[in-house]
Every structure is written in structure tokens, then in C-alpha cells.
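The values are calculated or read from the model by the stated rules, or taken from the named source; none is laboratory data. Note that the structure is a prediction, hence the values are computed from the model and not measured. Here Cβ is always computed from backbone atoms with ideal geometry, including for glycine, and neighbour counts include all displayed protein chains. Only protein heavy atoms, including side chains, enter the accessible area calculation; ligands, DNA and RNA are left aside. Shrake-Rupley method; radii C 1.70, N 1.55, O 1.52, S 1.80 Å.
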Amino acid sequence: MLQNWRFSQVFKRAAILSLLFMFLSPMVTFGEEHDENDDLHELLIMTTTDIHSYLMPYDYMNDTEVDDYGLVKTATLIDQIRANHDNTILFDNGDIFQGSLLGELEATVEPLEEGETQAIIKAFNELDYAAASIGNHEFNFGLDFLDNAIETSNFPWLNANVYEAGTDLEEHRFQPYEIIEHEVDGKTITIGVIGFTPPQIMQWDNLHLEGNVEVEHIVDSAQRYVPELAEQTDLVVALAHTGVNTGDRETEHAAVSLAREVDGIDALVMGHAHQTFPQNSGYDAIEGVDDEAGTIHGVPAVMAGSWGSHLGTIQLDLTEENGEWTVVSSKSEVTGVENVEADQGIVDLIVDVHERTLEYVDSAVGTMADSFNTFFSLVMDNEVLQLVNDAQLWFTEDYLEGTEYEDKPLLSAAAPFRAGYRGGYTEVDAGDLRVRDLADIYVYDNTLQVVEVDGDGLNQWLERSAESFNQIDPTETDDQSLLASFSAFNYDVIEGVEYQIDVTQPIGERITDLTYEGEPVTSDMEFLVATNNYRAGGGGDHLAGLDAPLVDSLQALSIENRYVILDYIQDLGTAYTPYASYNWSIKPVETNGRVLFNSSADGAAHIEKLGLTAVSATGELIDDDNNGAVYTYNFTEEMRSGTDQPDLETLKGVMNDYVDAGELSGPLENQLGNALKQAKHHESNERYAQASKFMDNFLKHLNRKQSDRHIEEDAKADLQEKAEQIIEDLNDN
């Protein structure tokens, strides 16, 4: 087992000399290593993480080249280090193939045959990776897909905390670790490499994993296996697909706990968080994290960003005596790929799939009558989320017709995946809607799922989303920030109910005026909510502790949310006009000072275009990479001017009269109400063709044979006549 004497007085002189040498030959220049006769031996561990099939420096969504990511650029850094250092080894830390549109092409659009090798695996094989850890996204396409990737790889995939189901956490599903014999200056050193993944995979990919595998917490598995691995080897490298635990999600982001509680780790490779370490001052306040030294509780650590944006390195200065190796000092570093040329050999290896991806993402699938974006999706109802929710409602309502679920109220939940920070914003122009736009609207390869919740569960769901806001003090005269540090993909907007968020209240007490069809939501109400597999499986903790069963048949169908949106747009048969229903808002309150939030600088023009009243541009810009600007939230009752138009109210009133009289009931009431609601929103915004389409849906539901048992004949004839007249009037506009 390696003896770690980093801080021993015996080696102070050697450590000082080593650090002086590294200062004179900084890693970014990849200087020459120590002379062969030096007592110190340098081992340079190179790492990548969270590549997500971002092979080329190309933004497929925006159809443009980029300079700050792409594995073909990282490969050049790898080559440079190998050319200047004799003793190197290369690892990856997971989330390898899921993510980019190139990865999607090979996984779902033009699926590889069994035994065929993915482009990302070809690149890894060519770059001679020594080992890779299995990340959480490796499970997104199922275990068979992952097994095929492993089979076609020239390197081992490692994971020590995922086990075969029913084995009491004893039989590993994957190879837990690898012992590598490596030469350092002609001397043999044994390196034990072990992998870990977040235990939340059982929530995020429940569809693929339930009944097949079981998962143990990262630290628990590490405590079981790292000591025995350390006994067998000279060095232990932990490839832990986990980040620095900065909050209460310790089992997901467990790096600090791992370094603090597990003896025997000599180098810690992190990932999952898409951050860099060192060079991350945001971690300085965390006990045990030393950003300057690049250590966590004294363990050399590194995290190399994502998408091939950086190469991470851990330089270990070692001494060897009688076959026993000792770490004298270490240096961790991340090097960005900006201004680095692509490795032409790797480009040539995968250029075919890159070109096929370009053709795929450029294909038109529909038409947009106007542009839309997610600039203000975190502070007010939004057109992009409206499209997602409408599509999910459209598909699910039709799918559940005639089933045991058709009598239950149907809602839909969607979150803005790209709403600032690292993700940028969803921005889709008017005109042809292309595949790249669909990927911009719905970033992830999620599948549509439907869960059942009661009124309390629905309130909990919304309360979790409302944690996106800071608590605002109305009496404060200084500026206050509206938005908390909260992942945009966890900010669900639920369509089909109306509600307000009172940001003056503490977490857990913010949802107010929650109603369904004008009536307060009560505990005993039951709802179906269309969402995605991530949320339905417990991702984001919206359903924590709830009995929220899935609709099994939809779970088995495994249809992607992105393609539900595609089918919805194509079924409309006309150009799609964006709109928002404004079924939720932040509760108005008088404040003594400004309440501010950041968004794109382009948002100012968007305010003017839509006549938004809830938000205002301050004119202040943010000096960052996101072209940001500062906005004021105005706490107004009206989200935009001219939206409160009582169109189609007559038909709605007639419907309500028939409901009150008991002549209209059951699922037909919900189906007609949903169709009418959609038609009203389109008509009020002068989208007459789309309003007419939803009135056609109104008649379709009304005239289904199975609907006759839910409506009296006279009521049906009356609604039919009035709906037909409305359609005629809409078509005349």
C-alpha cells in the first residue's frame, strides 16, 4: 500500500524543489520532465469527463463552429502532453456518449447495429484511454446499449457501486476496478482504478434499471473496496462521477465526503457537475477544499469541465525505494481548449457521422409563424413551455381515451431546459422548424411519462419548483435578487391548473390560489400529470415521499417527449404560432426597492415586441460570457398588455350551465374544457387558424360514440351548433 508522506518534514526539500520546477515549467506549456537521474519520478494523470458525444467543435443547434469545446481539440492537448512527458496515463470519468445531436443520431435516429462502434468510442480507442468510469447518462439508452458500448471499447469501463438486482449489493453489474501495471521511468508501478456513479440513476433511469440493478451510495461502496484495492496496488485513482457537495444533495455530489471519509485514495477525478477544479473559487468556502492547491482534504483532485472543454491533469511527484512508491507532492490543473487546433486524425476518424449529423439537424419538420425564446421563462409563463405542455396534453389525452384513466383530470408539467447560466437560452426563429430547433426546445432525450398525484402531491410539486426564487422582503429598499441558485430543468410549470407564487413567503409556503377549473384544489382531488421519465422517476425531488404511480403502458411505450412535440406540430397542419396561457404568475406585492433578475440582453427587444408589462429592462448589462442584462420584475397582475380578452366566453358559459344541470359530465367535460381553453388563448391573440383547429378538436370529442354516455342529446346538439358557428367565424378572419 502506498505511504502518503506529502506533509512529512523528510521531504520538504524535495517538495520545494519540485514545486519550483513546476513553476518554471508550467503545465500549460507542457515542459520537459525531470532528468532520468533525478530521485523524483513524475506521473502525469490526464482526465476528461462529461464529453456527452461533443466530438467536434460545433454547435449543431445554432449551426456554427465553436472554439471552447470538442474532444478533437482536447485530443491535441493529450498529444502535446504525451510528446513532452514520458510518464502519462489517460482516464475518462463518464457521461461519454449521451448528449449531443451526434450522439442522438447514433443512438435513436440511425441506431447502430449490435457490434458496431459509436464514433465517441472510436475516438476513445484511438486516443488509448486506460479506463473510463460509467456516468449516470450511460444508462439513458438502456443496459443493452451500454453493454454494446463496453463490448466495442478497447479499455475497461468501471463501476463499483452498481450491483445485480437481488444480490444484496454483493454481485457487481460491471467491472468495479482495474489494476494497471504502468511504467514510470522504466520502473513498474501498479495503479488501482475504481469507478463510481450517482445512486440517483435509479430515479433518473428507473424505466431501464428497476428490477435489473441495485445501487449503493458512493461513499459506502468506496469504503468497502478502496482499502482492499490500496493493499494490492501502489496508487489508487478514483474515477468518481460526482461533484463537490455544496448543498444537501450529498449522495449525488459526494466528492468532499469521499476524500474525507475514505482512506487510500491518492488521486480523485471528479465530474457530473460540468464544473472545473481547480480554478473554481466558488468551492473555496467548502471545508476541506483547497482550490489553490487543487486538493480536497489533502487528496489531489481535478474536474475537467464538460464537452471536451478542458483537459484535467494531476501531476504526482513520486519516489521509489525497494519497489515501494511514495507521493512527495502533487499539482492539479485544468487546461482549456480555446485557440487549440483540432486533432486531424480524430477528425478524419469521425467526420462521416459529423456530416450525417449536419444533414439530420438541418431537415425541416414544421413551420413557425413567429419566433420564441426562454428569456423570461423563470419569472412568467412562457411560449416555449406552453408548446411542450400543449403537445404533452394533446398526445396523452388521445392515448388515455377509453382507458381506466380517462375520467381523471389531466395536467402537464414542463421546465425550461435552457434559461441562462451555462445552458444559454432557447431561441427559435420564424420560418422552417428544423430538427436542431426541436433539440433546442427540448434538450434531453427524455420519454413521456404520466404520474398520478393527489392535491397535496400537486402542491408539493409546485412548491419544489418555487424554490427557484429567493424570499423577497417587501420593506427592503436595497435591490434584491429574485432568482435563487436553482437548476432551470427543475423549474416545472404545470398547465391545466391556475396558481400564483408568493415569493415573500419562505420555502414550502409559496403556492397560493391553486385552482382547477375555477375551484380550489383540495387534498382529495386526484390528477394525472404528463411529464418526463426524469421527473416521474423522482429526479429533482418534486415527488419525494409521495405515492405517485406511473401509467404503466406509457412507461413501456417509451416515446420521447421531443417527438411528441414534433407529432403535435405536424398534426396542426399549419404554421405554429407561439403563445402563453398565463395560467400562473408571481403574486403581486408592493416593494420599497427593486427586485432584479438577469437574462439575455436581447430580452429588451422581446419585451417591446410582446408588450410585456411584468418585466422591464434596467439598461444595465452584465460583463459575462452570456451577453447578460439586468431586468426588474414589476409584480403586476397583468403579464402583458391586451391579453385579457373574453373571447368564446359564451360557449364556455353554456358548457358550465350544462355541467351544473348534470347534462354534461365525466371525461367529456374535461376534454371539451381543454379544447375550448386552447381555442380561447389562440383566438385572443389573433391566431385564428390554430383556434379553429382546437375547435375542431372540440367537435371531435363531442361526436365520439363513447362520449354519448356523458352528455344529454339536446345539450350535445346545442354545443354542436354553437361550436360550428364559432369555427365559421374563426375561418372568416
Residue-by-residue Karplus 3J(HN,Hα) for the stretch 100-106, coefficients 6.51, -1.76, 1.60, Hz, glycine and proline x: 6, 5, 5, x, 5, 4, 6
The chain, dipole about Cα centre (Lys/Arg Cβ +1, Asp/Glu Cβ -1), debye to the nearest 20: 760 debye
Would you mind telling me the share, in percent, of accessible area of the chain contributed by carbon and sulfur at probe 1.4 angstrom? 43 percent
What lysines sit close enough to residue 652 to cross-link, taking a C-alpha to C-alpha distance under 23 Å and skipping anything fewer than 8 places away on the same chain? 408, 677, 680, 693, 700, 705, 716, 722
Count the DSSP beta bridges whose two residues both fall in the chain, then state the antiparallel fraction as a percent rounded to the nearest 5. 70 percent
For the stretch 267-282, in order, what is each residue's ³J(HN,Hα) by Karplus, 6.51 cos²θ - 1.76 cosθ + 1.60 with θ = phi - 60°, in whole Hz (x at glycine and Pro)? 8, 10, 9, 10, x, 6, 7, 6, 10, 10, 7, x, 6, 9, 5, x
Rg(Cα)/(2.2 N^0.38 Å) for the chain, N = residue count: 1.05
Quick check for me: using +1 on Lys/Arg Cβ and -1 on Asp/Glu Cβ, what's the dipole size of the stretch 383-504 about its Cα centre, in debye to the nearest 20? 560 debye
Roughly how many Å² is the accessible area per residue of the chain, as a whole number, for a 1.4 Å probe? 40 Å²
Given a Förster radius of 45 Å and the C-beta distance between residue 351 and residue 263 as r, what FRET efficiency does 1/(1 + (r/R0)^6) yield to the nearest 0.05? 0.45
Between residue 192 and residues 5 or more places away or on another chain, the pairs with built amide H atoms under 5 Å apart involve 180, 234, 235, 236, 237
Which is farthest toward the positive dipole end of the chain among 213, 180, 273, measuring Cα position about the Cα centre, with Cβ charges +1 (Lys, Arg) and -1 (Asp, Glu)? 273
For the chain, the charge dipole (Cβ of Lys, Arg +1; Cβ of Asp, Glu -1; about the Cα centre) points to a positive end, and the Cα of 424, 542, 557 closest to that extreme belongs to 424
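Grab the beta carbon distance between residue 401 and residue 367, set R0 = 41 Å, and tell me the FRET efficiency rounded to 0.05.
Taking R0 as 41 Å, the efficiency between residue 401 and residue 367 is 0.90.
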For labels at residue 717 and residue 231 in the simple 7 Å Cα→Cβ model, what's the distance in nm? 8.8 nm
If I stretch the segment between residue 706 and residue 64 completely, what's the gain in nm (0.36 nm per residue apart, minus their alpha carbon distance), one decimal? 226.0 nm
If every Lys and Arg gets +1 and every Asp and Glu gets -1 at its Cβ, then about the Cα centre the stretch 596-733 yields a dipole, in debye to the nearest 20, of 440 debye
Estimated distance in nm for a label pair at residue 322 and residue 84, the labels positioned 7 Å out from Cα along Cα-to-Cβ: 3.8 nm
Net charge, residue 127 excluded, C-beta distance under 13 Å - Lys, Arg +1, Asp, Glu -1: -2
Rounded to the nearest 500, what is the chain's calculated 222 nm mean residue ellipticity when only DSSP H runs of at least 4 contribute -39500 (n - 2.57) each, over all residues? -9500 deg cm²/dmol
What order, most packed first, do the peptides 201-207, 727-733 have when packing is the mean number of other Cβ atoms within 10 Å of each residue? 201-207, 727-733
Leaving out ligands, DNA and RNA but keeping every protein chain, what accessible area does residue 597 have, in Å² rounded to the nearest 10, with a 1.4 Å probe? 10 Å²
I'd like the distance between the alpha-carbon centres of the stretch 53-96 and the stretch 324-402, rounded to an integer number of Å. 18 Å
DSSP beta bridges in the stretch 263-312: the antiparallel percent, rounded to 5, is 65 percent
Quick query: amide H of residue 158 versus all other amide H atoms, modeled in the peptide plane; which residues come in under 5 Å with a sequence gap of 5 or more or a different chain? 132, 133, 134
Find the relative contact order for the chain and round it to a whole percent, using C-alpha pairs within less than 8 Å whose residues are 6+ positions apart. 11 percent
Mind ranking 145, 527 by accessible surface for me, highest first, 1.4 Å probe? 145, 527
Which Cα, out of 83, 283, 460, lies furthest along the positive dipole direction of the chain (beta carbon charges, K/R +1, D/E -1)? 283
Would you list, by chain and number, the lysines whose Cα falls below 18 Å from the Cα of residue 122, excluding same-chain residues fewer than 8 positions away? 73
Which order do the peptides 405-415, 544-554 come out in when sorted by mean C-beta neighbours inside 10 angstrom, highest first? 405-415, 544-554
Order by protection proxy (mean Cβ within 10 Å, highest first), peptides 629-641, 430-442, 654-666: 430-442, 629-641, 654-666
